[in-house]
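Note sheet for the following structure.
The values are calculated or read from the model by the stated rules, or taken from the named source; none is laboratory data. Keep in mind the model is a prediction, meaning the values are calculated, not measured. Positions of Cβ are backbone-derived with ideal geometry, glycine not excepted, and every protein chain shown enters the neighbour counts. With ligands, DNA and RNA removed, areas are computed over all heavy atoms of the protein, side chains included. Shrake-Rupley method; radii C 1.70, N 1.55, O 1.52, S 1.80 Å.
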Amino acid sequence: MFTHRGAVRVRNEDAVFVGGTIFQEDLRDVVALRLTGSPHALLVADGMGGHPHGDLASHAALAFLTSQDGLLDGSAACETALHAANERLYELMDEPTRIGMGTTIAGLVLQETAMIAFNVGDSRAYRLSSGGLHKLSHEDVVLPPGEGIAPARTHGITQALGGSTFPLAIVPHVCVEPPLQVGDKVLLCTDGLTDALNDTEIETFLQLSASPAIIIQKLVRRAISAGTRDNISVVVGVCV
């Protein structure tokens, strides 16, 4: 996994959860972790730009979600945890400077018998299998007519955890997928990657190597060279 403020932003408002740890400080290199057994949760969050304390919002959302014992239990538990995380962010707006803070979220729960994908906002989850690349997330965005052929560099999101001056309910996207098979790959990312690369490019990079570290390095380098202006966070996993 990798997270960094990118070439333009002054601080990193993304956060990543892998292997029981939340990462938010700029990383100098890719972090490689081996996860054994099950279940496991992988998450990325993108604190909302233009809102106060995006870094606090993303970290707080991951800390809350990963403290919930039921998160790993199934799709209904994931949805319940997301609603609770949304409420928690509004509870944290107890200081004037925090009002309106918010974050996107995208995650995977890896179980022996299933994989659960969920998101709120525009952070994404993908699965690459023998059948090709499948996007598991649903972006909550408003795009201009004709958008989607090329990556969008700016867009507004229609829902997030928090993100408003008064509490708003969310409609989380949660789906249950077959369990990972040997050779399958998964990708979680914030829009620092997908603003610069389209799905065809993402699939090409995922197919380049069996090494998550090499894939991440190539994805991040390509996004930066393509001019991404946002924080960038990427998690790649391979089932072995």
Quiz item: Does R88 meet the test of being part of a helix (DSSP H, G or I) and surrounded by fewer than 23 Cβ atoms within 10 Å (Cβ to Cβ)?
Solution: yes
Quiz item: Of the residues T103, T66, T80, which is open to solvent by 60 Å² or more (accessible area, probe 1.4 Å) and polar (S, T, N, Q)?
Solution: T80
Exercise. Would you mention how many residues in the stretch 56-74 are modelled with pLDDT under 95 and part of a helix (DSSP H, G or I)?
Key: 4
Practice problem: For the stretch 198-220, state whether one or more residues are within 16 Å of I105 (Cβ to Cβ) and open to solvent by less than 20 Å² (accessible area, probe 1.4 Å). | Solution: no
Quiz item: Which ones in the stretch 24-44 are closer than 20 Å to R88 by Cα and open to solvent by 30 Å² or more (accessible area, probe 1.4 Å)?
Solution: Q24
Quiz item: What number of residues in the stretch 37-83 are under 26 Å from V238 (Cα atoms), free of Cβ contacts under 8 Å to residues at least 24 places away in the same chain and not small (G, A, S)?
Solution: 3
Self-check item: Identity of the residue in the stretch 154-166, in a loop (DSSP other than H, G, I, E, B) and under 17 Å from the mean Cα position of the chain (by Cα), that ends up modelled with the lowest pLDDT
Solution: H155
Exercise. Answer with yes or no whether L193 is touching a strand residue (DSSP E or B) at 6+ places or on another chain (Cβ under 6 Å), assigned to a helix (DSSP H, G or I) and open to solvent by less than 20 Å² (accessible area, probe 1.4 Å).
Key: yes
Quiz item: In the stretch 101-111, is there at least one residue being more than 19 Å from G192 (Cα to Cα), over 14 Å from the mean Cα position of the chain (by Cα), touching a residue at least 24 places away in the same chain (Cβ under 8 Å) and not in a loop (DSSP other than H, G, I, E, B)?
Solution: yes
Quiz item: Before we move on, is G47 buried (at least 23 other Cβ atoms within 10 Å of the Cβ) and small (G, A, S)?
Solution: yes
Exercise. Report whether or not A169 is open to solvent by 30 Å² or more (accessible area, probe 1.4 Å), in a loop (DSSP other than H, G, I, E, B) and among the aliphatic types (A, V, I, L, M).
Key: yes
Practice problem: From (1) open to solvent by less than 40 Å² (accessible area, probe 1.4 Å); (2) of a type in the set (G, A, S); (3) touching a Leu at 6+ places or on another chain (Cβ under 9 Å), pick out the condition that doesn't hold for G74. | Solution: (3)
Exercise. Check off (1) part of a helix (DSSP H, G or I); (2) out of contact with any Ser or Thr (no Cβ under 6 Å at 6 or more places or on another chain) for H51 and give me the number that stays unchecked.
Key: (1)
Quiz item: Among the residues of the stretch 90-121, which ones are under 13 Å from F166 (Cα atoms) and in contact with a Cys (Cβ under 9 Å, 6 or more places away or on another chain)?
Solution: none
Exercise. Would you check which residues across the stretch 1-48 are assigned to a loop (DSSP other than H, G, I, E, B) and of a type in the set (A, V, I, L, M) and list them?
Key: M1, A7, V8, V10, L27, V30, V31, A32, L33, L35, M48
Practice problem: Restricting attention to the stretch 112-145, report how many residues are open to solvent by 10 Å² or more (accessible area, probe 1.4 Å) and assigned to a strand (DSSP E or B). | Solution: 10
